[in-house]
Amino acid sequence: MNILDYSIDDIEKLTDAELVKLSLKNQDSFVYLVDRYKGKLSSYIKRLTNANNEDAEDILQEVFIKVYLNLNDFDKNLKFSSWIYRITHNQVISGHRKLKARPEGYAVNLDDQLANSLASEIDIKGQVDHNILQEQINLVLNKLEPKYRDVLVLKFLEEQSYQEISDILKKPLGTVASLMNKAKREFKTEFEKQNLKI
Amino acid sequence: MLDQNNAGFENKLLAKIKDSKMSPKPRWRFLLTDSFVWFAGLIALLIGAAAISVMIYLFKFNDWEIYDQTKKSFLEFFILTLPYFWIVFLALFVFILSYYLKHTKKGYRYSEILIIGASIILSVILGTVLYATGCGEKLDNIIGSRTPYYDQVINRHVDMWSQPHEGRLSGLVVDKSSDEQFILVDRENQAWIVNTENSKLYGGAVVIIYQPIRLTGKETGEHTFRADRILPLNAGRGFFLRLNIPDSTQ
C-alpha cells in the first residue's frame, strides 16, 4: 500500500516499523517518522550538548538524513526508537568537538514530573527548594562524565528502559545497570557539592 | 499527526533529500557488511581451532612419561615444553574472533568476558574435532616442513631433543649398516654414528631409513652416540623430513 491510501487516523495507528516500510517505498512517507521523533530527538540533542536551537536543528537534520539513508539497516527485532536514538547519540558524539567550544548550559527545561522522578530516584528530593531543582539538575548533569550523563539522561529524561538504553548505547545490560548505579552516586555527590555552594 | 503549520523542518528535510537525489542504501550492502563480520569471525575461529588441534597433538607427544630423562623437574619440563608459539597464536585469533563477535548486530548485548569465554570454548570444541580428524598432525607436518625457525619457536621439543651432550638426540635415519649401528642426521645436517648395541625400542619405534627418531643415551665421541632408548618422533616429523641428506651418507 502507498501512504496516500491511508487516512490520517490510519497513519497515526501505523507502527514505526510499518512507517519504515512505507518510507522505503515512498519518500514522502518519511515525514511522518520525522514528525513522530523530531521533538523528542531535538530535546535529547540539547540535553546531551550545549547546542542552541539552530545547531540542534542542524544535528537533527543530519540525524534524519542518516536514518533515511540507512532505513534498510533497521533491524525489526529492535525498537525503532532505540535505533533512532542510537543514531542520534552517535551523531552527537561525532559532532561533540564542535559543540564543546560553546558555553555550558542546557537549553531544555525539565518538566516537573521528570525533575521529580530523577530527584526521587536519587534521593535528593527535599534537599533543595523545588524552584531551583530543575536548574540544579541541569547544572549537576553538566558536571558529570559523559558516560554517566548519558545513562541518566536516557533513563530519567528520555524515559527509556534499561534494555532500550542497552540498545541505544550498544552496551550489555549489566554494564548499563552498573553505569546507572555509579551515575546515581556521582550525581548525588555532585548535587550535594553544588547545594553547599548555594 | 503532521502539523502543517509546524512542518517547516519536515518540508525542508524532504526537499533536501529530494534535491540531493538521496535514496536509502540498498539492503544488500548491509547484508554484505554483516556477512563480512561473520565470515571474518568464522575464519578467525577456524585458525584458532587449527592452533588448538596442533596444541593437542603436541601435548599428546609431550613425553610426559620420560620427562625424568631430561634431568629436569616436572614443572621445569612442563614450562619448557609448553607450546608458547601456539598459545600466543591462539590468543591472537581468540581476540580477533571476540572482536568480530562483538561487532555482529547483537554482539554488544554480551559482555567482553562472555564473548571471550565463548570464543575460547568454540575454538577448543572445534579444535578438538579438527584434532580427531588428524588435522593437528597434518598441520604440524606441513608447518614443520616449510616454516623457518620451526625447531626454535614453533616446536621447542625439537630443540630439547637436539642436545646430544645432555643425552638427547633426534634426527633422520639415513643409513643402517647393521642391526647394531646406523647413521642419523640431526637438525643441523650433521651425521651421527649411532651405536644401538644395548638399546631398547619404545613406543613402537622402528629404525627405518628416512624415518625420524629420537634417542636417549650418551655422546661417546665426535658425532658418535650410544643409544639407550630409541623412541618414535611424531610431532616435528615434517621438520626432519625436509633435511638435506649429506652426500657422504647417501
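The values are calculated or read from the model by the stated rules, or taken from the named source; none is laboratory data. Worth saying up front: this structure is predicted, and the values here are computed from it rather than measured. Ideal geometry is used to build each Cβ from the backbone, glycine not excepted, and the neighbour counts take in all protein chains shown.
For the reader, a short list of remarks on this structure follows.
- Selection count where residues are at the interface with chain B (Cβ under 9 Å from one of its Cβ atoms), over 16 Å from the mean Cα position of the chain (by Cα) and either at pLDDT 85 or above or at positive phi (or both), scope segment A:1-34: 7
- Residues located in segment B:154-175, provided they are within 18 Å of B:L58 (Cβ to Cβ) and free of Cβ contacts under 8 Å to residues at least 40 places away in the same chain: B:D159, B:S162
- Flag for A:K66 being more than 13 Å from the chain's Cα centre (by Cα), modelled with pLDDT under 90, within 14 Å of chain B (Cβ to nearest Cβ) and under 30 Å from B:L31 (Cβ atoms): no
- The set of residues from segment A:171-198 being surrounded by 15 or more Cβ atoms within 10 Å (Cβ to Cβ) and not in a helix (DSSP H, G or I) comprises A:K171, A:P172.
- Applying a threshold of 9 Å to beta carbon distances and a minimum spacing of six or more residues, or different chains, the list of pairs starting in segment B:111-137 at a residue that is within 12 Å of B:M55 (Cα to Cα) and ending at one that is among the acidic types (D, E) reads B:Y131/B:E137.
- So B:Y131, is it in a helix (DSSP H, G or I) and within 25 Å of B:Y67 (Cβ to Cβ): yes
- Within segment A:35-63, if we keep just the residues that are among the hydroxyl-bearing types (S, T, Y) and in contact with a helix residue (DSSP H, G or I) (Cβ under 7 Å, 6 or more places away or on another chain), the residue that is farthest from the other protein chains (Cβ to nearest Cβ) turns out to be A:T49.
- A:L173 being aliphatic (A, V, I, L, M), under 14 Å from the mean Cα position of the chain (by Cα) and within 18 Å of A:S81 (Cβ to Cβ): no
- Failed item in (1) within 30 Å of B:N155 (Cα to Cα); (2) modelled with pLDDT of 95 or more, with B:D68 passing the rest: (2)
- Filtering B:G144, B:G203 for residues that are small (G, A, S) and either in contact (Cβ under 8 Å) with a residue 60 or more places away in the chain or outside any loop (DSSP other than H, G, I, E, B) (or both) leaves a single hit, B:G144.
- Those residues of segment A:147-162 which are in contact (Cβ under 8 Å) with a residue 40 or more places away in the chain and either in a helix (DSSP H, G or I) or crowded, with 16+ Cβ neighbours inside 10 Å (or both), in sequence order: A:R149, A:D150, A:V153, A:L154, A:F156, A:L157, A:E158, A:Q160
- Check on A:D75, surrounded by fewer than 20 Cβ atoms within 10 Å (Cβ to Cβ), within 11 Å of chain B (Cβ to nearest Cβ) and either within 19 Å of B:W28 (Cα to Cα) or without any contact (Cβ under 8 Å) to a residue 60 or more places away in the chain (or both): yes
- Single condition B:S178 does not satisfy, out of (1) at pLDDT below 90; (2) under 19 Å from B:F61 (Cα atoms): (2)
- Subset of segment A:28-55 [without any contact (Cβ under 8 Å) to a residue 12 or more places away in the chain and surrounded by 15 or more Cβ atoms within 10 Å (Cβ to Cβ)]: A:V31, A:D35
- Among residues of segment B:183-196 that are in a strand (DSSP E or B), those with a Cβ under 6 angstrom from a residue that is of a type in the set (S, T, Y), sequence gap 6+ or separate chain, pair up as B:I183/B:T249; B:A191/B:T249; B:I193/B:T224.
- For segment B:8-63, taking the residues that are of a type in the set (F, W, Y) and in contact (Cβ under 8 Å) with a residue 12 or more places away in the chain, the one that is farthest from the other protein chains (Cβ to nearest Cβ) is identified as B:F61.
- Among (1) at pLDDT below 95; (2) surrounded by fewer than 15 Cβ atoms within 10 Å (Cβ to Cβ); (3) not β-branched (V, I, T) - the single one B:F85 does not satisfy: (2)
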